[in-house]
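Beneath this line is the structure, given in structure tokens, with notes to follow.
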Amino acid sequence: MQERNVWVDYAKAIGIILVVYGHVARGVFNAGLPMDEGRYRLVDSIIYSFHMPLFFFLSGLFFYDSLVKRGRGGLIVNKVDTIVYPFIVWSLLQGLFEVVLSNYTNGQVTLAQVFSLLWEPRAQFWFLYALFFVFVLCALVYARADRRFFLPLVGVFAVLYVFKEPLTVDTISRFLLANTVFFALGIWFNEIKAFFLARAAELTLLFGALFVVGQYLFHITFGLNYEVGGVPVLALATVGIFFTIALSMWLGRMRLDALLFIGASSMTIYLMHILAGSGVRVILGKFLGIDSIAVHLIVGTLIGIAGPLIAQLVIQRYNLSFLLSPPKPMSATRLSMRRAVV
């Protein structure tokens with residue numbers, strides 16, 4: 001219970017709060033509201049230097065055990081249900097909403113863009129698209145890999161990350177080269193997890209200090225942005241991940257139910273937060289005439305988190321689970337099992 005449902009959920013909660021805030025801030029900035037551009041870009045780059053790598057890392061934590069349990073094919077089929085299905089459903093739902101409401105939002109979304117989801121994922125859904133292909137790649141690579149190769153594989157994927165630009169040939173290769181290293185880091189982290197758990201407070205201070213110093217040197221001293229990639233961003237992301245994990249393990253010694261609920265519901269929040277956050281911005285700006293940046297950021301982030309949580313409760317209450325997971329007749333896992341029996 002402590003290992004999975006507490007510190008992992010705390011880490012997910014921290015990550016998803018940063019995701020929602022980041023998208024709300026970008027929406028406010030792109031809407032042309034009077035923000036301090038320098039401050040906005042600094043905070044945006046700090047957040048984006050590690051928050052999505054964190055989610056790939058967390059996805060890798062339980063990968064190998066699942067691979068051993070389900071096998072390569074079973075794991076991939078399971079991810080069709082848990083990743084591909086919600087990716088398709090919510091890409092279409094959000095995309096169609098954006099088309100209908102395009103006169104009130106920042107972008108002009110077309111139906112052609114919405115229905116291009118299988119080769120050009122839009123908005124936040126790129127993560128699910130990338131994550132599925134990372135799972136497929138790692139299922140193939142790790143199916144025959146002994147645990148002693150886990151760290152060398154992190155090194156291999158790190159090299160591919162650093163040299164990803166000349167190696168990228170299409171959308172899928174771009175996502176694989178940019179993100180698999182963090183997933184592999186999560187797989188390997190299980191080898192040192194006990195060390196982190198035993199020294200969570202000390203490691204929080206250590207990686208917290210490294211995080212602050214690293215971000216200051218990167219952004220202030222050298223004036224760089226997370227988009228430059230390469231070794232510096234890989235290092236920033238790794239330090240940010242380890243800082244978040246150590247902090248989450250330290251927090252895991254206490255029980256913060258609200259944070260646990262947010263972390264356990266991070267997938268639902270990820271799927272729906274753009275609709276909730278964008279809706280709030282439109283209401284505040286277009287209908288109420290509020291242009292206070294603080295109000296937009298605070299209210300947008302709160303509703304971006306609370307809205308999906310309320311929607312999740314409604315889905316559970318009225319048996320609308322098909323919005324988040326496939327009905328049994330459509331389940332890839334169920335169809336696969338039925339075919340195996342036949």
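Each value in this text was obtained by applying a stated rule to the coordinates, not by laboratory testing. This is a predicted model, so every value here is computed, not measured. So basically every Cβ, Gly included, is an ideal-geometry build from the backbone, and we count neighbours across all protein chains shown.
Looking at the structure I just gave you, is THR238 buried (at least 22 other Cβ atoms within 10 Å of the Cβ), of a type in the set (Ser, Thr, Tyr) and over 22 Å from LEU92 (Cβ atoms)? Criteria not met by THR238.
Take THR238 and decide whether it is within 22 Å of the chain's Cα centre (by Cα) and either acidic (Asp, Glu) or closer than 17 Å to ALA130 by Cα (or both).
Details: within 22 Å of the chain's Cα centre (by Cα): yes; either acidic (Asp, Glu) or closer than 17 Å to ALA130 by Cα (or both): no.
So THR238 fails the test.
Out of all the residues in region 247-256, is one or more basic (Lys, Arg) and surrounded by 21 or more Cβ atoms within 10 Å (Cβ to Cβ)?
Taking region 247-256 and keeping what is basic (Lys, Arg), we get 253, 255.
With surrounded by 21 or more Cβ atoms within 10 Å (Cβ to Cβ) added as a condition, the list becomes none.
Looking for residues that are basic (Lys, Arg) and surrounded by 21 or more Cβ atoms within 10 Å (Cβ to Cβ), one finds none in region 247-256, hence no.
Would you confirm, using the coordinates I've provided, whether ILE305 is in contact with a helix residue (DSSP H, G or I) (Cβ under 9 Å, 6 or more places away or on another chain), over 19 Å from TYR85 (Cβ atoms) and in a helix (DSSP H, G or I)? Break it down stepwise before answering.
Numbers: in contact with a helix residue (DSSP H, G or I) (Cβ under 9 Å, 6 or more places away or on another chain): yes; over 19 Å from TYR85 (Cβ atoms): yes; in a helix (DSSP H, G or I): yes.
Taking the combined requirement at face value, the residue satisfies it.
Restricting attention to region 253-302, report how many residues are more than 13 Å from ILE14 (Cα to Cα), touching a residue at least 60 places away in the same chain (Cβ under 8 Å) and either assigned to a loop (DSSP other than H, G, I, E, B) or charged (D, E, K, R) (or both). Residues flagged as more than 13 Å from ILE14 (Cα to Cα), touching a residue at least 60 places away in the same chain (Cβ under 8 Å) and either assigned to a loop (DSSP other than H, G, I, E, B) or charged (D, E, K, R) (or both) within region 253-302 amount to 4.
Going by what's in this entry, would GLY186 be described as under 22 Å from LEU75 (Cβ atoms) and not in a loop (DSSP other than H, G, I, E, B)? The answer is yes for GLY186.
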